[in-house]
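Student: One structure coming up, written as C-alpha cells, with questions to follow.
The values are calculated or read from the model by the stated rules, or taken from the named source; none is laboratory data. The model shown is predicted, which means the values in this text are computed figures rather than measured ones. Please note that ligands, DNA and RNA were not included when accessible areas were found on the heavy atoms of the full protein model with its side chains. Shrake-Rupley method; radii C 1.70, N 1.55, O 1.52, S 1.80 Å.
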Amino acid sequence: MAEKKHLDRLKAGVASWNHWRKAQPEVRPDLSQADFSAADLKGIDLSEADLVGATFAKATLSGADLRGADLRGADLSGARLDGVNLSRSTIDLSTRYDGVTGCQIGVNGLYSPSTDSAALMRLDPPGNSMQGANAEAVVESLRQARKLHTFSVILAGIAMLFIVIKPKTITLPYLAGSFKFDDFSYAFLATILSAALLSQVVSFIDSALQGARYLNDRRAAMLVGHFPWLLSKYESDPANKRQSRVLRFFMIFHPLIYLYFFVQWSALAIGDWDSVIRHYQQMPIIFGEYLLPVVYVILIRICLHLFRLSEGFQKPILFDAETERSRRTDMERLTEAIERQSALTAELVDVLKKREGKS
C-alpha cells in the first residue's frame, strides 16, 4: 500500500510535489495501489516511484517523468501520456495500457515517440514460466512455425491442382513406395493433416509471441522484427498493413479450399438441398460424413486462433534509447579495459623477453 505521507504530499499539488522531489531526490516515493483515476498529473515527477498496482485510468500524465518507475500491475487504460518519459520503467503482463494516447503500444511494452523512451516488460518472468529475453529462441520458434505452415500450404496447393487440372488420381510418394489418391480421399487426408500441422504452428507462434514480450534491446528487436515471414512481420505503413492483413487471412485460412471437394456446388447453386446432402453422404470415404464436420470445426478454430496470434505481431518490438546508450557506454568501457589489459600484457611480455635475452 502507498505511504500516507507520500499521498498527502501529492494531494498538495503537482508543483509542491515536484519541489519536494528536487529537495529530497534520495527518497523513493511509494504510491503502490493508489488510485489516481482521471487525475490531472501533468508534468509530475514520478521517476523511480513504486507504482505497483496504481490506477491511472483516464488520468492526464502529459509531460510526466516516469523514468525508472515500477508500473507492474498498474492501470493506465485511457491515460494521456503524450510527452511522458518512460526510460528504464518496467511493466508486466498485468499492466493495463489499452486506449492510451500519446504512446505507441508494442509487443513488449509502451513507447513514447516524443521522448524516444519505452516502458518494457520486466525481465524476470514468473518462476513457473519457461519464457525469457532470448531472441534466438523466438526466431527458432518462428522458423519451426514457418516450416510447418509451408507444408500445410503445399498440401492446399496440390488440392488446387485437382481443381484446375482435374486429374482422376494423384500419386504421392512415401518411404516404401507410393499412394494413389482420388480428389475426395486426398482432400479428406489433407484436411486432417492441415489440422495437425496448424495446431503445431499455433504452439510455436504462441511461444514466439510470449518470448518476444521479454525482449528489451535493439539487437533482439531487429533480429525478430526482420524475420522473413508474413505471419510475424510488422507493417507500420497503413496501406501495407491492410494488404498484409488480407494476405495473412488467405495464408491462414487456406484449408477452406478443401470444402470444394465435399460440396456439390451445382446443386447448391439452384438450392437442391437433397442432392447436396445425398452427395455428401455418398462420399467414398469410410466414416467421412461423421468425421469431416468434427475435423473442420477443429480446423476453423485453429485457424482463428492462429490469425489472432499473427495479429499480436502487428505491433513493433520496442527498445529504450537511453538504456541502449547506457549499454553502448558499458561496452565501450569494457573494450577500453580489455585494450589496456592487452597493452599491459604486451609490455610484460617485452620485459620478460629482454630479461631472458640478458641472461
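Student: Working from Cα positions, state the angle (0 to 90°, nearest 10) between the long axis of helix 288-312 and the longest principal axis of the chain.
Tutor: Computed tilt is about 20 degrees.
Student: Same structure, new question: Taking a cut-off of 20 Å between Cα atoms, list the aspartates and glutamates near Lys166, but don't count ones fewer than 8 places away on the same chain.
Tutor: Reachable aspartates and glutamates: Asp182, Asp183.
Student: Taking Cα atoms of the chain, Rg/Rh with Kirkwood Rh, to two decimals? Intermediate results must be reported in sequence, preceding the final value.
Tutor: Values: Rg = 29.5 Å, Rh = 25.0 Å.
Ratio value, two decimals: 1.18.
Student: In terms of solvent-accessible area of protein heavy atoms at a 1.4 angstrom probe, what is the ranking of Met121, Met1, highest value first? Mind dumping the intermediate values first?
Tutor: Working: Met121 10, Met1 170 Å².
Accessible-area ranking of Met121, Met1, largest first: Met1, Met121.
Student: Determine the share of the chain's accessible area contributed by carbon and sulfur atoms, expressed in whole percent, with a 1.4 angstrom probe. Before the final figure, lay out the partial values.
Tutor: Working: 11670 of 19890 Å².
The C+S portion of the solvent-accessible surface of the chain is 59 percent.
Student: Continuing with the same structure: Kindly flag which residue pairs out of Lys168/Lys233; Lys5/Lys42; Lys180/Lys233 have an alpha-carbon separation exceeding 28 Å in this structure.
Tutor: Values: Lys168/Lys233 39 Å; Lys5/Lys42 21 Å; Lys180/Lys233 38 Å.
In this structure, Lys168/Lys233; Lys180/Lys233 exceed 28 Å between Cα atoms.
Student: Accessible area per residue, 1.4 Å probe, Å², for the chain: what's the number? Kindly include the intermediate steps, with their values, before the conclusion.
Tutor: Details: 19890 Å² over 359 residues.
Value returned for the chain: 55 Å² of accessible area per residue.
Student: Right, something else. Leaving ligands and nucleic acids out of the surface, order Ser94, Ser232 by accessible area at 1.4 Å, largest first.
Tutor: The ordering from most to least exposed comes out as Ser94, Ser232.
Student: I need the Debye-formula profile for segment 1-119: one equal scatterer per C-alpha, no solvent, reported as log10 I(q)/I(0) at q = 0.14, 0.22 1/Å, two decimals.
Tutor: Reported log10 I(q)/I(0), two decimals: -0.49, -1.31.
Student: Here is the link list: Lys22/Lys315; Lys147/Lys241; Lys4/Lys58. Which ones come out longer than 31 Å on Cα distance?
Tutor: Values: Lys22/Lys315 37 Å; Lys147/Lys241 23 Å; Lys4/Lys58 23 Å.
In this structure, Lys22/Lys315 lie more than 31 Å apart at Cα.
Student: Which of Leu344, Leu299, Leu86 moves the most in a Gaussian network model of the chain with Cα springs under 10 Å?
Tutor: Of the options given, Leu344 has the highest mean-square fluctuation.
Student: Another question, then. What is the antiparallel percent of DSSP beta bridges lying wholly in segment 1-123, to the nearest 5? Before the final figure, lay out each step's value.
Tutor: Working: 7 of 20 bridges.
Restricted to segment 1-123, the bridges split so that about 35 percent are antiparallel.
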